[in-house]
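Structure record follows, encoded as structure tokens.
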Amino acid sequence: MDTLNSRRKLDSFTEAPVLAILPKFQAPSAEKKSDPYYTDNRFTEAVRTLRTSLLFNGESKPAKVIAITSSVPNEGKSTIALHLARSFSEMEKVLLIEADMRHPTVAKNMNLSPHRPGLSNLLAKTHQINECIIRDKNLKLDILTSGISPANPLVFLSMKRLNMLIKVFGNFYDRIIIETPPVNAVSDAAIISKLVETVLYVVHGEKTKREQITTGLRMLKQVNAPIEGIIINHSQSIDADKYQNKYYNERANNIVKLPVRKQG
């Protein structure tokens with residue numbers, strides 16, 4: 001299968017920069033299954049490395065509003081959105097918005113009622129913000145689940161009210177992370193990409209076909225989406241540590257060295 005499951009294939013992939021490689025982590029033990037934030041140390045550190053690369057891009061100011069999407073379902077974008085939001089919340093106040101109203105998973109993974117009000121309810125004006133936001137008492141992380149699934153999510157996501165809500169949230173949060181539906185399935189992600197500063201594209205390292213990735217990226221580029229790069233998830237055959245060292249060495253070589261002003 002033509003996937004991005006080797007260094008050689010990654011090196012020949014030119015459609016978008018590779019931002020991070022996240023290893024597949026072991027399934028939680030029985031006592032940890034109820035913890036929605038469970039990961040192993042390697043995955044946690046890889047997400048922190050991704051966070052660092054987003055914060056210290058060097059070319060521009062770090063994006064405040066970030067969308068996370070993928071080509072097809074089951075590539076791990078929900079998991080990455082949650083753990084990247086958690087990682088950012090170690091340093092700043094963060095809001096995670098689940099904008100995938102078609103196949104929402106956040107409420108279920110956090111052991112919440114699937115009927116609790118969320119984004120769709122805010123857009124429909126049936127509930128207030130304080131009724132919809134979930135506050136994590138242990139982290140500087142707030143979560144807005146998708147809410148009740150509407151018959152036509154695209155109509156909801158196309159409302160001008162969504163852009164207004166994101167701007168309102170921007171007054172209270174340092175970082176906003178929005179999980180969107182897969183690009184190749186529906187056009188929701190293309191709509192949301194117009195409202196964010198950058199888009200992170202999640203790829204399953206062992207399953208997502210290269211053709212699916214290029215098709216999804218092409219669709220986003222057609223609407224001028226601000227694609228920052230791709231995240232290889234569930235990687236089992238690439239040494240992430242070696243890749244990160246290579247990545248940072250290359251980035252360091254691109255730093256402009258300013259002349260030292262002589263004293264006296």
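The values are calculated or read from the model by the stated rules, or taken from the named source; none is laboratory data. These numbers were taken from a predicted model, which means no experiment stands behind them. Using ideal geometry, Cβ is built from the backbone for each residue, glycine included, and neighbour counts are taken over all protein chains shown. In case anyone asks, the SASA skips ligands and DNA or RNA and just uses the protein heavy atoms, side chains included. Shrake-Rupley method; radii C 1.70, N 1.55, O 1.52, S 1.80 Å.
Would you check which residues across region 172-189 are of a type in the set (A, V, I, L, M, F, W, C), open to solvent by less than 10 Å² (accessible area, probe 1.4 Å) and part of a loop (DSSP other than H, G, I, E, B) and list them?
VAL183
Residues that are free of Cβ contacts under 8 Å to residues at least 60 places away in the same chain and in contact with a Ser or Thr (Cβ under 8 Å, 6 or more places away or on another chain): does region 176-197 have at least one?
Yes, region 176-197 contains at least one residue that is free of Cβ contacts under 8 Å to residues at least 60 places away in the same chain and in contact with a Ser or Thr (Cβ under 8 Å, 6 or more places away or on another chain).
In region 121-135, which residues are more than 19 Å from LEU82 (Cβ to Cβ) and either open to solvent by less than 10 Å² (accessible area, probe 1.4 Å) or not in a loop (DSSP other than H, G, I, E, B) (or both)?
ASN121, LEU122, LEU123, ALA124, ILE129, ASN130, GLU131
Could you identify the single residue in PHE172, PHE156 that is closer than 21 Å to SER89 by Cβ and not basic (Lys, Arg)?
PHE172
Specify which of the listed residues (ASN138, ASN224) is under 20 Å from PRO62 (Cα atoms) and surrounded by fewer than 16 Cβ atoms within 10 Å (Cβ to Cβ).
Checking each option against the conditions leaves just ASN224.
One residue is enough: does region 72-85 have a residue meeting the conditions in a loop (DSSP other than H, G, I, E, B) and loosely packed, with under 14 Cβ neighbours inside 10 Å?
yes
Can you spot a residue in region 10-32 that is open to solvent by 80 Å² or more (accessible area, probe 1.4 Å), in a helix (DSSP H, G or I), in contact with a strand residue (DSSP E or B) (Cβ under 7 Å, 6 or more places away or on another chain) and not β-branched (Val, Ile, Thr)?
no
Hey, ALA240 hits all of (1) in contact with a Lys or Arg (Cβ under 8 Å, 6 or more places away or on another chain); (2) modelled with pLDDT of 95 or more but one; which does it fall short on?
(2)
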